[in-house]
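Read the figures in this text as sums done on the coordinates, not as results from a lab. This structure is a prediction, so every number in the text was calculated from the model and none was measured. Reconstructed Cβ throughout: ideal geometry from the backbone, glycine too, with neighbour counts over all protein chains shown.
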Amino acid sequence: MADVTDILRDDEEKLSDEELLRYLHEELSEEEKHEIEKKMSADPFKSDAAEGLSSINKKENLHEYVHQLNKNLHQQLAGKKQRNGKRKIKELPLLILAILLILFICVACYFVIHLHNKRQQNKIKSPTTFVSPIKVK
């Protein structure tokens, strides 16, 4: 299952937050630095993240910035998901009401047409009796 707290997740080449922070603090050997640069070159998002974090002046607060970015990202995503869920719930009763109204109109039209056809058939079937005005004895 995917780790939702790691925004830099990638199945082939995983670059963790800790590796990125160690790279930015320059706490890696040349081999490790080369591996991380190779991972970053494969994904422009990772290289942009490293570039953005490297532009921060206070390197000692870097870990806190990354943590805050992750937290804000998750809050925004949760807020969007919640708004979308609320929107769907609000639209559902209107949809049900519209369907019921259309069904009611269809049933009413059926009965009106059915009654109209029945009256037309009754007028045709009912024999007209003529009473002759002359009486024959």
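What does the charge count near Ser29 come to, summing +1 for each Lys or Arg and -1 for each Asp or Glu among other residues with Cβ under 11 Å from its Cβ?
Around Ser29, the charge tally is -4.
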**Report entry** Residue-wise HN-Hα coupling along the range 74-84, computed from phi with Karplus coefficients 6.51, -1.76, 1.60 (Hz; x: Gly, Pro)
**Finding:** 5, 5, 5, 5, 5, x, 5, 5, 5, 5, 5
Query - Fully extended contour minus Cα-Cα distance, from Asn61 to Lys80, at 0.36 nm per residue - result: 4.0 nm
**Report entry** Length added when fully stretched, Leu95-Leu73, from 0.36 nm per residue minus Cα-Cα
**Finding:** 4.6 nm
Report summary line: Interchain or sequence-distant (5+) residues whose placed amide H lies within less than 5 Å of the amide H of Leu15 are Asp10
Query - For the range 32-41, 3J(HN,Hα) per residue [Karplus equation, 6.51 cos²θ - 1.76 cosθ + 1.60, θ = phi - 60°, Hz, x = Gly/Pro] - result: 5, 4, 5, 4, 5, 5, 5, 5, 5, 5
